[in-house]
1. So if I check each of 132, 122, which one is surrounded by 17 or more Cβ atoms within 10 Å (Cβ to Cβ), farther than 19 Å from residue 24 by Cβ and touching a residue at least 40 places away in the same chain (Cβ under 8 Å)?
2. Report yes if some residue within the range 166-173 is closer than 20 Å to residue 59 by Cβ, within 20 Å of the chain's Cα centre (by Cα) and either free of Cβ contacts under 8 Å to residues at least 12 places away in the same chain or surrounded by 20 or more Cβ atoms within 10 Å (Cβ to Cβ) (or both); otherwise report no.
3. Which one of these is over 28 Å from residue 160 (Cβ atoms) and crowded, with 20+ Cβ neighbours inside 10 Å: 89, 65?
4. Name the residue, out of 28, 39, that is on the phi < 0 side of the Ramachandran plot, crowded, with 17+ Cβ neighbours inside 10 Å and touching a strand residue (DSSP E or B) at 6+ places or on another chain (Cβ under 7 Å).
5. For the range 72-113, give me each residue that is under 23 Å from residue 148 (Cβ atoms) and in contact (Cβ under 8 Å) with a residue 12 or more places away in the chain.
6. For residues that are out of contact with any helix residue (DSSP H, G or I) (no Cβ under 7 Å at 6 or more places or on another chain) and either in the same structural domain as residue 46 (by TED's automatic domain parsing) or closer than 16 Å to residue 46 by Cα (or both), tally how many sit in the range 150-162.
7. Taking the criterion of being modelled with pLDDT of 95 or more, buried (at least 16 other Cβ atoms within 10 Å of the Cβ) and not assigned by TED's automatic domain parsing to the domain that holds residue 47, would at least one residue in the range 97-105 satisfy it?
8. Does at least one position in the range 138-149 carry a residue that is under 21 Å from residue 25 (Cβ atoms) and either surrounded by 13 or more Cβ atoms within 10 Å (Cβ to Cβ) or assigned by TED's automatic domain parsing to the domain that holds residue 23 (or both)?
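The values are calculated or read from the model by the stated rules, or taken from the named source; none is laboratory data. These numbers come from a predicted model, not from an experiment. Glycine gets a Cβ as well: all are built from the backbone with ideal geometry, and neighbour counts include every protein chain shown.
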């Protein structure tokens, strides 16, 4: 088990007073990593945007160790709350938890109260933008929007453009 990830994710859940849904957990941790928190999870683009199998297994481990408690939530989602051993892992990794606490707070400020579908869209836009940037050294807004529209047909182009602009404000879009 990745005890550092356990401590940082437990702190994120504590600061956010819970995380509503597996998709939300996936996207918040994705954005933590993209902001430089070294959690070590590999992401691939799947149906609901960037997804990490490794994180899914880790969250299951965190439940087994009492770091997180999963509870039924609305719309058949799973709500995560801090578990009885969360503070043990937060304290055991307090140097890194404290070091990355400002990043966790920034991610929660930007993304912590967004719906799972908003996070799905924003994380997908970011994933596509990052991929284009790593291949070409730059990304182009219209191309990112077009590729996102192709990948996420359920979202109108206007919503994609709006989410793109919100990501620009967070500094997560390639310049």
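1. 132
2. Keep residues of the range 166-173 that are closer than 20 Å to residue 59 by Cβ, which gives none.
For the range 166-173, residues closer than 20 Å to residue 59 by Cβ, within 20 Å of the chain's Cα centre (by Cα) and either free of Cβ contacts under 8 Å to residues at least 12 places away in the same chain or surrounded by 20 or more Cβ atoms within 10 Å (Cβ to Cβ) (or both): absent.
3. Criteria check complete, one pass: 89.
4. Testing whether each residue is on the phi < 0 side of the Ramachandran plot, crowded, with 17+ Cβ neighbours inside 10 Å and touching a strand residue (DSSP E or B) at 6+ places or on another chain (Cβ under 7 Å) leaves just 28.
5. From the range 72-113, those under 23 Å from residue 148 (Cβ atoms) are 107, 110-113; that's our starting set.
Selection gives 107, 110, 111, 112.
6. Selection size over the range 150-162: 3.
7. no
8. no
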